[in-house]
Amino acid sequence: MPERDLHYLTELAGQLRVDSVRSSAAAGSGHPTSSMSAADLMAVLFACHLRYDFEQPDNPANDHLIFSKGHASPLLYALFKAAGAITDEELLSFRKRGSRLEGHPTPRLPWVDVATGSLGQGLPVGVGMAMAGRLERLPYRVWVLCGDSELAEGSVWEAAEHAGDEGLANLTLIVDVNRLGQRGPTRHGWDTGAYARRFGAFGWHTVEIDGHDPGQIDFALGDACNTRRRPTVILAKTRKGEGVVEVENREGAHGKALKDPDTAVAELGGVRTLTVDVHRPEIMPQPYRFDDGKLTLPEYEPGTRVATRTGYGEALAALGAARGDVVALDGEVADSTKTQEFAKAFPDRFFEMYIAEQQLVAAAVGMQARGFVPYAATFAAFLTRAHDFIRMAAVSQASIRLVGSHAGVAIGEDGPSQMGLEDLAMLRSVHGSTVLYPCDANQAAALTAEMAGISGVSYLRTTRGDTPVIYEPGERFPVGGSRVLRHTPADRATIVAAGVTVHEALAAADELAADGIPVGVIDLYSVKPVDKAALTAAATTTGNLITVEDHRPEGGLGDAVTDAVSELGPRVVKLAVRGLPGSATPVEQLADAHIDRRAIVGAVKRLL
């Protein structure tokens with residue numbers, strides 16, 4: 001590399017450090033030292049290897065850069081300033097109310113694909129983007145910057161194994177090995193070889209460099225671009241707080257603005273106004289898209305018995321035929337979730353993520369960022385393992401569709417380790433989420449198709465066992481709706497149920513009617529948002545609501561109903577799974593949990 005280029009890159013890195021110090025000082029908080037260690041790495045990437053059109057962030061040929069170490073946002077914003085995307089004035093609005101430059105990056109900025117900051121998520125999401133690049137048949141690269149501290153996260157190694165197994169050569173991980181975490185040294189310190197052995201074992205091409213040497217950085221990034229059939233990890237030895245004696249390689253400086261920013265700026269060579277001319281992609285190709293067709297949902301005869309998971313699987317295959325942007329991901333349980341129906345029909349758009357639920361959700365987030373419509377399925381119980389990824393998907397404003405099968409005690413003999421009993425609460429608590437719980441196969445099929453058009457995180461809860469088909473094929477079930485299945489003017493109470501308990505509620509209502517106690521029944525298939533109008537009408541006319549759910553009492557259907565009608569002051573009795581189940585048949589499980597028809601009848605009689 002010519003001396004003049006080395007000088008420019010060194011000066012550009014200095015500017016990035018200065019601007020990281022300045023923005024953090026203006027905010028009075030931030031992570032300047034974590035930004036300073038990676039400044040040389042990012043200076044060379046932006047000046048020499050990144051292909052990105054900042055004027056057209058939607059250019060399909062653009063590379064993608066994910067700051068997994070999202071706390072180093074001062075560095076990212078300094079890069080945006082150097083590239084001419086933001087002004088110095090906006091740079092100094094960092095962390096202030098109303099600013100786009102938040103403490104950790106979010107897609108409020110058009111050049112940010114996903115929100116980061118919860119460590120260990122950037123690489124898994126990057127894997128999803130790299131997978132999407134293959135589907136799109138585009139030459140873009142996915143660059144991920146992470147810190148050495150987050151290599152302790154198990155999700156990183158889920159991603160490392162998947163990327164190595166898939167041979168994602170369009171993916172490069174740059175690890176800022178600055179030795180210091182938040183409270184002290186990291187597990188392996190500056191032993192880049194320890195990390196190299198681990199990544200190498202997963203089939204990665206590994207490069208160990210001095211992260212402050214522009215020449216070595218340039219060579220490593222070029223080497224990554226020229227590597228075929230496997231991903232590359234660049235392990236860069238750096239010093240936290242590089243360039244300022246007060247904080248360089250010192251503990252106790254993490255997450256704090258520098259005490260004397262003016263002296264630090266002077267020590268770093270002063271304020272500069274360098275610009276970086278990021279190379280734009282040479283072409284603007286159209287991403288490859290699979291053909292669309294006609295949507296023909298499966299139909300099930302009322303009176304028969306079909307599992308809602310079957311309705312989901314067959315509807316997803318039908319949706320795949322209708323929409324070429326639909327992709328399916330599964331956690332090695334496709335035969336149980338019934339995602340195998342899609343896999344058989346569209347193997348190019350089906351992704352086996354194995355038993356790695358964090359990577360399952362992260363890949364869906366990465367793929368939706370490239371315009372795909374992902375459905376990710378596993379057992380409802382196992383989605384809890386990926387809760388942080390689901391939470392961050394909402395922060396990213398990502399549109400992903402999650403499907404949890406084998407929900408509740410109704411799965412039967414497998415026992416409590418396999419029972420999703422907390423999933424409704426988990427998904428209801430996610431910002432902007434939609435939670436759907438069908439009771440029959442036609443409803444499940446309709447809601448599967450409905451989910452394709454939902455923004456944000458949506459969740460479909462399906463049941464393992466066969467349940468009666470009560471709705472006609474072709475009926476629509478809008479999000480936020482419900483179905484009143486039993487109602488008379490003389491109703492003395494209303495039973496609100498969803499999923500498997502709808503059928504128990506109907507049987508209970510028939511038994512109560514025979515005893516001269518008329519009650520209404522509402523199928524609240526949309527658990528979030530709820531049909532507040534229908535619930536208000538029921539609460540107003542009967543004054544008594546009994547909710548019944550195959551779920552814990554906290555945060556599920558009962559709480560959703562209570563939240564909707566609390567101002568009206570009706571009596572609400574919540575039937576839910578309160579004990580710790582064991583192994584038993586599905587019928588026995590519902591009885592033992594006191595959520596079957598007999599328990600509902602007893603609750604109504606006690607209430608009245």
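The values are calculated or read from the model by the stated rules, or taken from the named source; none is laboratory data. Every value quoted in this text rests on a predicted model; they were computed, and no experiment measured them. Glycine gets a Cβ as well: all are built from the backbone with ideal geometry, and neighbour counts include every protein chain shown.
Given the options Arg552, Arg464, Arg486, name the one that is in contact with a Gly (Cβ under 7 Å, 6 or more places away or on another chain) and either in the same structural domain as Val326 (by TED's automatic domain parsing) or of a type in the set (D, E, K, R) (or both).
Of the residues listed, the single one that is in contact with a Gly (Cβ under 7 Å, 6 or more places away or on another chain) and either in the same structural domain as Val326 (by TED's automatic domain parsing) or of a type in the set (D, E, K, R) (or both) is Arg486.
Determine which member of the set Val276, Val207, Val265 is within 25 Å of Asp88 (Cβ to Cβ), of a type outside the set (Asp, Glu), surrounded by 14 or more Cβ atoms within 10 Å (Cβ to Cβ) and under 35 Å from the mean Cα position of the chain (by Cα).
Val276
Could you tell me whether Ala26 is in contact (Cβ under 8 Å) with a residue 24 or more places away in the chain, touching a Phe, Trp or Tyr at 6+ places or on another chain (Cβ under 9 Å) and assigned to a loop (DSSP other than H, G, I, E, B)?
no
Of everything in region 372-389, what is aliphatic (A, V, I, L, M), assigned to a helix (DSSP H, G or I) and out of contact with any Leu (no Cβ under 7 Å at 6 or more places or on another chain)? Give them in sequence order.
Passing the criteria: Ala380, Ala381.
Taking Ala130 and the conditions (1) small (Gly, Ala, Ser); (2) in contact with an Asp or Glu (Cβ under 9 Å, 6 or more places away or on another chain); (3) surrounded by fewer than 24 Cβ atoms within 10 Å (Cβ to Cβ), which numbered condition does it fall short on, given that it satisfies the others?
(3)
Considering every residue within region 177-199, establish whether at least one is within 26 Å of the chain's Cα centre (by Cα) and surrounded by fewer than 16 Cβ atoms within 10 Å (Cβ to Cβ).
yes
Which members of region 290-317 meet the condition of being touching a Lys or Arg at 6+ places or on another chain (Cβ under 9 Å), hydrophobic (A, V, I, L, M, F, W, C) and assigned to a helix (DSSP H, G or I)?
Leu316, Ala317
Kindly establish whether Glu158 is modelled with pLDDT of 95 or more, crowded, with 17+ Cβ neighbours inside 10 Å and part of a strand (DSSP E or B).
When the stated conditions are applied, Glu158 does not pass them.
Quick one: what pairs do we get from region 340-362, first residue closer than 20 Å to Gly133 by Cβ, second of a type in the set (Phe, Trp, Tyr), C-beta under 8 Å, 6+ apart or different chains?
From residues that are closer than 20 Å to Gly133 by Cβ, the pairs are Phe346/Phe290; Asp348/Phe290; Arg349/Phe290; Arg349/Phe342; Phe350/Phe342; Val361/Phe389; Ala362/Phe389.
Find the residue count for region 205-217, including only residues that are touching a Leu at 6+ places or on another chain (Cβ under 8 Å) and either hydrophobic (A, V, I, L, M, F, W, C) or not in a strand (DSSP E or B) (or both).
Result for region 205-217: 6.
Between Leu151, Leu123, Leu135, which is touching a residue at least 12 places away in the same chain (Cβ under 8 Å) and either assigned to a strand (DSSP E or B) or surrounded by fewer than 24 Cβ atoms within 10 Å (Cβ to Cβ) (or both)?
Leu135
If Glu242 passes every condition in (1) under 33 Å from the mean Cα position of the chain (by Cα); (2) at negative phi but one, which one does it miss?
Just one mismatch for Glu242, condition (1).
Within region 231-249, track down each residue that is touching a strand residue (DSSP E or B) at 6+ places or on another chain (Cβ under 8 Å) and either surrounded by fewer than 20 Cβ atoms within 10 Å (Cβ to Cβ) or in a helix (DSSP H, G or I) (or both).
Asn249
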